[in-house]
1. Å³ per residue of the Cα convex hull, for segment 230-274?
2. Of all accessible surface on segment 125-224 at a 1.4 Å probe, what whole percent is carbon and sulfur?
3. Can you bin segment 206-300 into rounded, prolate or oblate? Criterion: square roots of the alpha carbon gyration tensor eigenvalues sorted a ≥ b ≥ c, rounded for a/c under 1.5, prolate for a/b above b/c, oblate for the rest.
4. Write down the accessible area per residue of the chain in Å², having rolled a 1.4 Å probe over the full set of protein chains.
5. For Cα pairs less than 8 Å apart in space and 6+ apart in sequence, what is the mean separation divided by the residue count of segment 206-300, i.e. the relative contact order in percent?
6. Looking at ALA123, GLY110, VAL55, which one has the Cα that reaches farthest to the positive end of the dipole of segment 38-179 (charges on Cβ: Lys, Arg +1; Asp, Glu -1)?
7. How far apart, in nm, are the 7 Å Cα→Cβ label points at ALA87 and ALA185?
8. Could you work out which residue, out of ASP13, ASP50, ASP288, moves most in a Gaussian network model of the chain, that is, has the largest mean-square fluctuation with Cα springs under 10 Å?
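The values are calculated or read from the model by the stated rules, or taken from the named source; none is laboratory data. For clarity, every value in this text was computed on a predicted model and none was experimentally measured. Note that each Cβ is placed from the backbone with ideal geometry, even for glycine, and that neighbours are counted across all protein chains shown. SASA here: full protein model, heavy atoms, side chains in, ligands and nucleic acids out. Shrake-Rupley method; radii C 1.70, N 1.55, O 1.52, S 1.80 Å.
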Amino acid sequence: MADPDLARRLGLDYPIVQAPIGSATSPALAAAVSNAGGLGSLALSWRRPDESVAVMAETRRLTSRPFAVNVVLAWPQDVQVSLALDAGAGIVWTFWGDPRPYVRTVHDGGAILMHSVGSVREARSAAAGGVDVLVAQGVEAGGHVRGVDPLRVLLAQILEQVPGVPVVAAGGLADEDDVAAVIAAGASGACLGTRFLCAREANVAPIYQQQIVAAGPGTTVLTRLFNKGWPDAPHRVLRNSTVRAWETAGCPPDGQRPGEYDRVATGSDGRPVERYSDTIPTPDLQGDLEALALYAGEGAARIDRVEAAADLVRRLARPFGRPRASTGETTPGDR
Ligand SMILES: Cc1cc2nc3c(=O)[nH]c(=O)nc-3n(C[C@H](O)[C@H](O)[C@H](O)COP(=O)(O)O)c2cc1C
């Protein structure tokens, strides 16, 4: 059952959630979303511990409002989780693994634990283990995709079969009508990733945003192609030159793919990025950035602009009306 109070419990004006979009997250993005009344997030999985400490401090400097700190459990994350709690993170958000070993630590640290799931089985296990908020990720989602069910189906199943835990909906959401639809379907919040990749504050190279804005219907593909760095994990990307060349070659196996060992891009520190790497085009990379993993959800077809995160949150929040000054409450019907 939907929890209409989730936003209030998390300290938000609106149940609009910026997904942790890997290295594209930035203090500027998370703070802009949180300052606009939504929930911003930082992804720590690919940052060194000193970088994690620095980005959390910078985000805290830019906003006094809550933001979430995310880790992917495909790797051990004890260090990052304890750094997050030491930094006073109020919301820890996990994905891709078993969150139960982290429940006690997160609660003892005074924080709430959110966990993204791709199936009812995962949702049930997380809820029984003490996770506070579930994020139902539909197969339409950009980035790494945990399950196989469309959001509509997964959300309905989790709401029915895993009662008592608020569920935020994610995957393919692009505009305020999508937000209104998932809330009407019983979600306690709406989570958007690809849409926030097109916020000005996102830490991505302009070509990545241009490719999303230019994407038409059916231009994303669910694949395991960009598997260097994170093997055996399905992900949704734009069908770019690397995907097309591989398809044209008859979808050969790893080791025999076109340009398998090409250096596609180079970091400002000289770090090479090979074709089929899981790395996204961030502004510090030089090279053929269009050929890198351009993670994007099915909602990309309906994203038509790059804009300030605050403007985006304001538009997505229209279904909830205007917040009343200082209370964070909203005026229903005020659109
Ligand atoms: C570029 C990109 C990077 C992502 N990185 C992470 C991550 O580090 N941690 C995580 O929990 N989810 C990650 N995700 C998945 C999102 O949390 C979310 O499920 C997804 O973006 C929702 O679908 P949408 O992109 O269609 O809105 C990523 C998604 C994208 C597009």
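1. Spread over its residues, the Cα hull of segment 230-274 gives 103 Å³ apiece.
2. Details: 1810 of 3500 Å².
Result for segment 125-224: 52 percent of the exposed heavy-atom area is carbon or sulfur.
3. It comes out oblate by the Cα gyration axes.
4. Working: 13710 Å² over 335 residues.
I get 41 Å² per residue for this part.
5. This gives 34 percent for segment 206-300.
6. GLY110
7. 3.2
8. ASP50
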